[in-house]
1. State all residues of the range 52-87 that are surrounded by 14 or more Cβ atoms within 10 Å (Cβ to Cβ), without any contact (Cβ under 8 Å) to a residue 12 or more places away in the chain and either under 19 Å from residue 32 (Cβ atoms) or touching a helix residue (DSSP H, G or I) at 6+ places or on another chain (Cβ under 8 Å) (or both); if no residue qualifies, say none.
2. Residue check: is residue 35 closer than 30 Å to residue 118 by Cβ, assigned to a helix (DSSP H, G or I), modelled with pLDDT of 90 or more and under 12 Å from the mean Cα position of the chain (by Cα)?
3. Please go through (1) in a helix (DSSP H, G or I); (2) out of contact with any strand residue (DSSP E or B) (no Cβ under 8 Å at 6 or more places or on another chain); (3) at pLDDT below 90 for residue 66 and return the number of the only condition it doesn't satisfy.
4. Regarding the range 78-93, can at least one residue be identified that is in contact with a strand residue (DSSP E or B) (Cβ under 8 Å, 6 or more places away or on another chain), modelled with pLDDT of 85 or more, assigned to a helix (DSSP H, G or I) and farther than 29 Å from residue 24 by Cβ?
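The values are calculated or read from the model by the stated rules, or taken from the named source; none is laboratory data. As the structure is a computational prediction, the values presented were derived from the model and not from experiment. Every residue, glycine among them, receives a Cβ derived from its backbone with ideal geometry; neighbour counts consider all protein chains shown.
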C-alpha cells in the first residue's frame, strides 16, 4: 500500500515535447490525417502512383504498404498509422491503405468533438459505435 503513494518517474529523451490537452490531441489528429492524405489517392482502380525519393533511391508505387514503409514518419501518433498498416499487411496481406484511411476518418470525426470540449468517453463511445454499425452494415449487405 505504501508504494501506491510513491511519485511516478517518467524518463523522456532530452528535447521531448510534453505538450498536453486539447491542442495536442488536435495536433495528433492532424498528423494522422496528413499521413492518410498521402496514401488516399492511391486507392481504387484510378489510384495514382507516388514517387518517393529517400535520398538514395527512387520508388514509384501505388501500393499502400510500400508507401507506408518508405515514409520517414517521426510523429508518434502518425507512426501509429504506419504500425496499423504494417499489422494489416502482416496478418492479411492486403487492405493497408483502407485501414489507414478508415482510422484517419474516425479521427476526423472525433476531432470535432475534441474541439467542442466534449468529454472523451462520450465522443469515443458515440463515434465508435456509429462506425461499428456502418462497417457491419457494409459487410452484411455488399454491393452487387
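1. We begin by selecting, within the range 52-87, every residue surrounded by 14 or more Cβ atoms within 10 Å (Cβ to Cβ); these are 52, 59, 61-71, 73, 75, 77-82, 84-86.
Going one step further and asking which of them are without any contact (Cβ under 8 Å) to a residue 12 or more places away in the chain, we end up with 59, 66, 79.
Result: 59, 79.
2. Spelling it out, residue 35 is indeed closer than 30 Å to residue 118 by Cβ, assigned to a helix (DSSP H, G or I), modelled with pLDDT of 90 or more and under 12 Å from the mean Cα position of the chain (by Cα).
3. (2)
4. Here is the first cut: in the range 78-93, the residues in contact with a strand residue (DSSP E or B) (Cβ under 8 Å, 6 or more places away or on another chain) are none.
No, that holds for no residue.
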